[in-house]
Amino acid sequence: MIGSRTHLLSPLRSKRLMIRLQHAVTHCLLIVGAILVLFPLFWMLSTSLKPPTQIKAFPPIWIPKPFVWSNYVRAVTIFPIPFYVFVANSTYISLLNVVAALVSNPIIAYAFARLRFRGSRTLFYLVLATMMLPGQVTMIPLFLLFRALRWVNTYNPLIIPSFFGNAYFVFLLRQFFSTIPHELDDAAKIDGCGVLGIFFRIILPLSKPALGIMAIFTFTGAWNDFMGPLIYVSEMKMYPLSVALSFLRGTYRVLWSELMVVSFIAMLPPVALFFIAQRSYIQGIVVTGIKG
Amino acid sequence: MGPGIGRPARTGPVVLRPRLTQAQREELWGWALVSLWVVGFLIFTLGPMAVSLGLSFFDTDLLRSRFVGLSNYTTLFSFDETRSLFWKALYNTAYYVIFSIPLGMSLGFFIAVLLNQNVRGQTAYRIIYYLPSVLPAVAVSLLWLWLFDVRFGILNWVLSLFGLPGLPWLYDTRTAKPALILMSLWGSGGNMLIFLAGLQGIPTQLYEAATIDGAGAWRRFTHITLPMMSPTLFFVLVTDTIYAFQVFATTYVMTQGGPANSTLMYVLYLYTLAFRQFKMGYASALAWVFFVIIMGVTVLIFRSSDAWVYYETEIGGRRA
């Protein structure tokens, strides 16, 4: 690819050599980069399985000998209440957020993609503008509102707002719906379908990939959320995993094996979802610009 | 619900009750469907924003409130650090934004350019580089806390390999912010994905034509790749900046703002005032100033875009 100016070798040979060299350099850089990216995760797993004496060994021991699986048992029993409660809480919050996203966003996006009504352009720009709004501006009044509703220390503040749509997903779905040919709508109209009929019989069935990616993003986002539950959830038995982890940091700051075990467990669902759906996941990121 | 299939055709004035035209029905349906978002916007965004502005003129805790005019703002902007850490928090956040964004964008761009050369295993590389971005911030923070550990952390061991002394990382005012920035670079894979999609959208004919005209690799990069990528760079710059200003979980978990407030980020300060000290009025003022700062920076980036962002229509227009 590089246009060579060398005159020492014949132009063709030198050009081929340059291309080869360039490919080799590219591969080396990418491999080194990949190792750097993966190394912290490897180190986390390694630490999670080490006996205490090997954690602080210098030079470091890469592969624990033996694998101390009991670290995993100790880590999950370190909390005053059973660990599965946090996992269940996180799962519950995340799943309800997925339901909320599936109920609200498609119908809003459908209106923007398909229906002509006055002010739709302006309104859509407003939706886009809210994507840029830092959530911290509304944080305090929302807390006071939810407190007045006696929603503090319930999951309502973390779930109910999702039922009113999310700008990113409205945008993602609108873009996707716009790619569905209008001829299908027309055919459905002739067959007697109304506005909702087209939505349920044409648009939704053809949008499964987009709905799937929205579900995954929503689940991951809710699972990883920290500030929301930190503000609204005060009782330990209500903690999601993210808040439970931060509690551990304050209490057991040097039990590295245990900290790595719970971190690893918290990372599993997002990583699993990413691997399962990596193709459409990447597609979704490119369309919306959400980067996790 | 359908548009009257099988019903007798209506003819002019015989209609008894007024019926809506197709366009009117669509209009009604449109508003009915988006009203869900509008209601949510009013309750969860616009309303709270207005209330937040109002609250900022009160001295409010959870029990009582008292109108204080602009005094929250005058306290906030005070340079006296015993009264307000606003400038400190703003400085820390700006420091973080100013370094993490150019570094993160360059790194993401660099990897994208490498991957765009149709290397074998592109999919695998994309997955690996993006992986850190899907992980929960709290778990990532615990992991990096361990990597940064002063005595037994792996990073100081790496430094020792090069004969360098270990760094205090998060435990020193001079290295704490750079440590957080270093950690943020682990998530550059998100940028990489978006840049890669942008690079793949550049028509190859442009490169071919330039090569025929005798342009070398560097000239092709500066005269084709960069201008063609500028809309993507612009988009990433805007979204990353807004996002980076809101950094919270990492500092909350890793440093709690220390040492000596050197990692006290704006949102962490806001959180502490609102939900630890319950100074709701004062924190609202802080939140509004935050909003104005972010909007200001965004507007600046938009303004600057005239100078460096090229859109294809613009190039076409020039040729015509």
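The values are calculated or read from the model by the stated rules, or taken from the named source; none is laboratory data. All figures in this text were calculated on a predicted structure; none of them were measured in a lab. Cβ placement follows ideal geometry from the backbone for every residue including glycine, while neighbour counts extend to all protein chains displayed. Quick note on the areas: whole protein, heavy atoms, side chains included, nothing else; ligands and nucleic acids left out. Shrake-Rupley method; radii C 1.70, N 1.55, O 1.52, S 1.80 Å.
Things worth noting here:
- Any chance B:Phe221 is within 17 Å of B:Leu115 (Cβ to Cβ), buried (at least 20 other Cβ atoms within 10 Å of the Cβ), over 14 Å from the mean Cα position of the chain (by Cα) and more than 9 Å from chain A (Cβ to nearest Cβ): no
Residues are listed down the side, and each one gets a yes or a no for (1) farther than 30 Å from B:Thr123 by Cβ; (2) among the β-branched types (Val, Ile, Thr); (3) open to solvent by less than 90 Å² (accessible area, probe 1.4 Å); (4) not assigned by TED's automatic domain parsing to the domain that holds A:Ile216:
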| site | (1), (2), (3), (4) |
| --- | --- |
| A:Leu41 | no, no, yes, yes |
| A:Phe58 | yes, no, no, yes |
| A:Ile78 | yes, yes, yes, no |
| A:Asn97 | no, no, yes, no |
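- Scanning the stretch A:161-186 for residues that are open to solvent by 50 Å² or more (accessible area, probe 1.4 Å) and part of a helix (DSSP H, G or I) gives A:Phe163, A:Tyr168, A:Arg174, A:Gln175, A:Phe176, A:Ser178, A:His182, A:Glu183, A:Leu184, A:Asp186.
- Output for the stretch A:144-160, where each listed residue is in a helix (DSSP H, G or I), of a type outside the set (Lys, Arg) and farther than 18 Å from B:Val39 by Cα: A:Leu144, A:Ala148
- Of all residues in the stretch A:249-267, those satisfying the criterion of being surrounded by fewer than 20 Cβ atoms within 10 Å (Cβ to Cβ), facing another protein chain (nearest Cβ under 10 Å) and of a type in the set (A, V, I, L, M) are A:Val254, A:Ile265.
- Test: residue in the stretch B:227-247 that is of a type in the set (Val, Ile, Thr), more than 30 Å from B:Lys88 (Cα to Cα), open to solvent by 10 Å² or more (accessible area, probe 1.4 Å) and not in a helix (DSSP H, G or I): no
- Looking across B:Ile293, B:Ile315, one residue alone is of a type outside the set (Lys, Arg), open to solvent by 20 Å² or more (accessible area, probe 1.4 Å) and at pLDDT 95 or above. It is B:Ile293.
- For the condition open to solvent by less than 70 Å² (accessible area, probe 1.4 Å), modelled with pLDDT under 95, basic (Lys, Arg) and not in a loop (DSSP other than H, G, I, E, B), B:Arg126 qualifies.
- Of the criteria (1) open to solvent by 60 Å² or more (accessible area, probe 1.4 Å); (2) within 13 Å of B:Leu286 (Cα to Cα); (3) more than 29 Å from the chain's Cα centre (by Cα), which one B:Phe67 fails: (2)
- Inspection of the stretch A:125-140 identifies no residue that is among the aromatic types (Phe, Trp, Tyr), at pLDDT below 95, in a helix (DSSP H, G or I) and open to solvent by less than 30 Å² (accessible area, probe 1.4 Å).
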